[in-house]
Every structure is written in C-alpha cells, then in structure tokens.
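Colleague: Sharing a structure here in structure tokens format.
The values are calculated or read from the model by the stated rules, or taken from the named source; none is laboratory data. Because the structure is predicted, anything quoted here is derived from the model rather than measured. Here Cβ is always computed from backbone atoms with ideal geometry, including for glycine, and neighbour counts include all displayed protein chains.
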Amino acid sequence: MRFSHWLAAVFVAIGIAPAAAQDFPKGPITIIVPFSAGGPTDTVTRLVAEPMSKELGTQVVVQNVGGAGGTLGAGQAAKAQPDGQTLLLHHIGMSTAPTLYRNLPFDPIEGFEPVGLVTEVPMVIVARKDFPPNTLQELIDYVKANKDKVTYANAGIGAASHLCGMLFMNAIDTELTTVPYQGTGPALTDLVGGQVDFMCDQTTNTTGQIKGGEIKAYAVTTPQRLDALPDLPTADEAGLPGFEVAVWHGLYAPKGTPAPVIEKLQNALKAALKDPTMVKRFADLGTSPSPEEDVSPQALRDHLKAQTELWKPIIEKAGVYAQ
Ligand code: ASP
C-alpha cells in the first residue's frame with residue numbers, strides 16, 4: 001500500500017477526512033462579502049471571483065451578508081464547514097473589530113485560515129452634488145458650523161467608512177450625526193439621491209459617480225494623487241495634514257481548512273490577480289492587486305496582526321465602541 005493511501009486509511013479509521021487537494025473543490029465555492037451588494041467590497045470580490053472560477057474549474061459565487069460593520073458576515077464565515085467551499089473576503093475591518101466590539105462572536109486572527117492579501121483601495125471624501133462646500137477646507141468649515149444638521153453615511157461600526165469618518169471627526173474635533181447602512185452600496189445610492197450629505201468611501205465605489213458628476217469629491221486619502229482621478233487633491237494637500245487611510249482586503253477560509261486546500265485557493269487567487277481584464281478594471285477604479293509576495297497566508301496573517309496593533313490605540317483614543 002502506498003504511504004499516502006495508508007495515511008488516508010488511518011485518517012478514515014480515526015474519523016478524520018483526508019486533506020486531499022484533489023477532492024477540492026467539490027462544487028461551487030461561496031465567498032461571503034460582509035456588506036451589501038453593489039458596494040466596494042462586493043465589487044472587488046466579484047472582480048476576483050470571475051478569474052478564480054476559471055482557475056478552480058468551478059463557479060465562485062458571492063453571498064452578501066451585511067450588517068454590524070461587517071461582523072455578521074465574518075461571524076457566519078467563521079462558523080462555516082472548514083472545507084474551502086465557503087470563504088470570506090473582508091477588509092481592514094478584520095483588524096479593527098476586536099477593539100471596537102466588546103462581544104465579537106469570532107476571532108479574526110485565530111478563527112480563520114488566511115489565504116492572502118487581495119488589494120489595497122484608496123478612499124475619497126465625497127458629498128451629494130448640491131452640498132454647499134466645494135473644497136476640503138470649505139467642507140471642514142461648513143461641517144463645524146452646521147454640526148447639528150450635517151449627516152455622515154457609513155456602513156456601521158468597524159466599516160472602512162466608519163473608520164475614515166472617525167479619523168475625520170477627530171481631526172476636525174467635531175462630532176456628527178452618522179447614518180449607518182449595511183454597506184456603502186446603498187449609502188452611495190442615498191448620497192446620489194441627496195438623502196445624506198457626505199461620506200468617505202473606497203474608490204471602487206465612487207470613481208464612476210465622481211467622473212459622471214453625480215457626486216462631489218473633495219480629496220483622496222492616500223499620500224499621492226490617483227491616476228484614475230488625477231485632479232483630485234490628497235487630503236494632506238487640501239487641508240488635513242497627515243490624513244491617510246487605505247483599505248486593504250484579504251481572503252480567508254474557516255479555521256481548520258486543510259493546508260492543501262488553502263494552497264490551491266492561494267494559487268487560484270494569485271492567478272486571478274494577474275488576469276488582465278481584472279487588472280484593468282481595478283486600475284479604472286483607482287486600485288491595483290496586492291503584490292504577488294503578499295498573496296500568501298503568512299503575509300495576510302502578519303498584516304492582520306500588525307494592523308490590529310496599529311488601530312487599537314487609535315480607536316481607544318477616539319473612544320468609540322459597539323456592544
Ligand atoms: N465600503 C464599505 C465600508 O465602509 C463596505 C462596503 O459596502 O463594501 O467598509
């Protein structure tokens with residue numbers, strides 16, 4: 001009997017399924033997006049899912065489980081079968097949730113097998129198109145003078161839009177009324193419709209509407225201007241020195257997913273991130289795939305730990321918590 005077969009027989013005898021990558025995938029793969037359809041995390045995931053489907057030879061479908069700043073969907077993914085058939089694509093919120101939520105129903109670091117980093121997306125501060133301020137400095141002055149009537153949209157506590165808003169309010173030392181959504185997809189619809197005043201969101205959700213003149217943009221939150229929106233100043237240039245947020249995304253499987261399955265997913269993700277159509281769409285939306293060396297479990301694990309440490313004191317200083 002060959003060693004691998006002997007090992008498989010031992011696994012079966014003691015009740016553990018062999019971690020055979022050749023059995024994977026066993027049918028369609030579901031990627032849980034912890035925000036609404038049509039938003040930026042959803043857009044990134046759908047763009048990556050298509051070439052991953054080709055690589056894995058099976059359909060990769062997206063399931064939107066929005067709510068509680070991304071923690072509902074992440075909690076659902078943590079509890080899924082650890083067989084690689086259910087995954088999670090989440091952003092920076094994985095690193096901030098442990099500090100923001102006192103009763104988080106999952107452990108972002110210990111409760112998942114990381115697959116790899118996917119992309120890092122800049123954010124832009126945007127407003128409904130008839131909002132009076134026209135520059136970032138005017139926005140700051142307006143918001144300070146009208147703090148009781150201005151509304152700020154976000155995707156719940158721990159969402160990137162919440163973090164960016166929290167940094168903004170801290171920077172200008174002004175508390176505003178926030179309007180939470182299950183994702184910034186629906187928030188953007190309301191911004192275009194004029195139901196809320198402003199928000200801060202990823203370029204993957206806002207570039208088209210900015211270019212189409214449906215919303216007003218004040219600044220990008222990266223140190224450099226973007227090729228996709230070259231006329232837009234950085235927040236640093238426009239009146240908020242040192243103001244920076246970039247929203248990194250990672251792909252995760254539930255804890256206990258066998259290593260050969262993770263490796264297969266990692267290879268499919270790596271290949272997907274080189275797909276020319278996907279790379280072009282990312283560029284049009286002001287972003288780019290993570291470098292190949294970051295598309296690995298170790299790189300994502302290290303980044304998640306470092307970001308968790310980085311955000312902890314910032315959140316504690318802001319003093320915002322969910323239950
Ligand atoms: N951009 C959202 C956020 O604020 C999430 C989303 O809808 O994808 O985190």
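Colleague: For segment 68-85, name all the residues that are surrounded by fewer than 20 Cβ atoms within 10 Å (Cβ to Cβ) and within 13 Å of the ligand (Cβ to nearest atom).
Modeller: Across segment 68-85, the qualifying residue is only LEU72.
Colleague: I need the full set of residues from segment 258-298 which are of a type in the set (Lys, Arg) and not in a helix (DSSP H, G or I), in order please.
Modeller: Of everything in segment 258-298, just one residue is of a type in the set (Lys, Arg) and not in a helix (DSSP H, G or I), namely LYS274.
Let's see how each residue does on (1) surrounded by fewer than 17 Cβ atoms within 10 Å (Cβ to Cβ); (2) of a type in the set (A, V, I, L, M, F, W, C); (3) more than 15 Å from HIS90 (Cα to Cα); (4) more than 17 Å from the chain's Cα centre (by Cα):
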residue	(1), (2), (3), (4)
GLY242	yes, no, yes, yes
VAL261	no, yes, yes, yes
LEU265	no, yes, yes, yes
ALA272	no, yes, yes, yes
LEU285	no, yes, yes, no
SER290	no, no, no, no
GLU309	yes, no, yes, yes
PRO313	yes, no, yes, yes
GLY319	yes, no, yes, yes
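Colleague: Do we find a residue being buried (at least 21 other Cβ atoms within 10 Å of the Cβ), away from the ligand (no atom under 11 Å from the Cβ) and hydroxyl-bearing (Ser, Thr, Tyr) anywhere in segment 40-57?
Modeller: The answer is no, given that none of the residues of segment 40-57 is buried (at least 21 other Cβ atoms within 10 Å of the Cβ), away from the ligand (no atom under 11 Å from the Cβ) and hydroxyl-bearing (Ser, Thr, Tyr).
Colleague: What helices (runs of 4 or more DSSP H) completely inside segment 167-257 contain at least 1 residues that are closer than 30 Å to PRO82 by Cβ?
Modeller: Values: elements: 184-193, 203-211, 235-238.
It comes to 184-193, 203-211.
Colleague: Take the conditions farther than 26 Å from THR99 by Cβ, surrounded by fewer than 24 Cβ atoms within 10 Å (Cβ to Cβ) and more than 16 Å from the ligand (Cβ to nearest atom) and apply them to ASP190. Does it pass?
Modeller: no
Colleague: Taking the residues in segment 193-218 that are within 15 Å of the ligand (Cβ to nearest atom) and polar (S, T, N, Q) as candidates, determine which candidate is surrounded by the most Cβ atoms within 10 Å (Cβ to Cβ).
Modeller: GLN202
Colleague: Mind checking which residues of segment 166-187 are more than 9 Å from the ligand (Cβ to nearest atom) and among the small types (Gly, Ala, Ser)?
Modeller: Within segment 166-187, just ALA171 meets the criteria.
Colleague: Looking only at strands (runs of 3 or more DSSP E) that lie completely in segment 86-163, which have at least 2 residues being within 13 Å of the ligand (Cβ to nearest atom) and without any contact (Cβ under 8 Å) to a residue 60 or more places away in the chain?
Modeller: 151-154
Colleague: Still on this structure, please answer the following. (1) modelled with pLDDT of 95 or more; (2) within 13 Å of the chain's Cα centre (by Cα): which one isn't true of PHE24, the others all being true?
Modeller: (2)
Colleague: OK, next. Could you grab the pairs with beta carbons closer than 8 Å, sequence gap of 6+ or different chains, first residue in segment 199-224 and farther than 18 Å from GLY38 by Cβ, second one surrounded by 24 or more Cβ atoms within 10 Å (Cβ to Cβ) and polar (S, T, N, Q)?
Modeller: ALA217/THR206; VAL220/THR203
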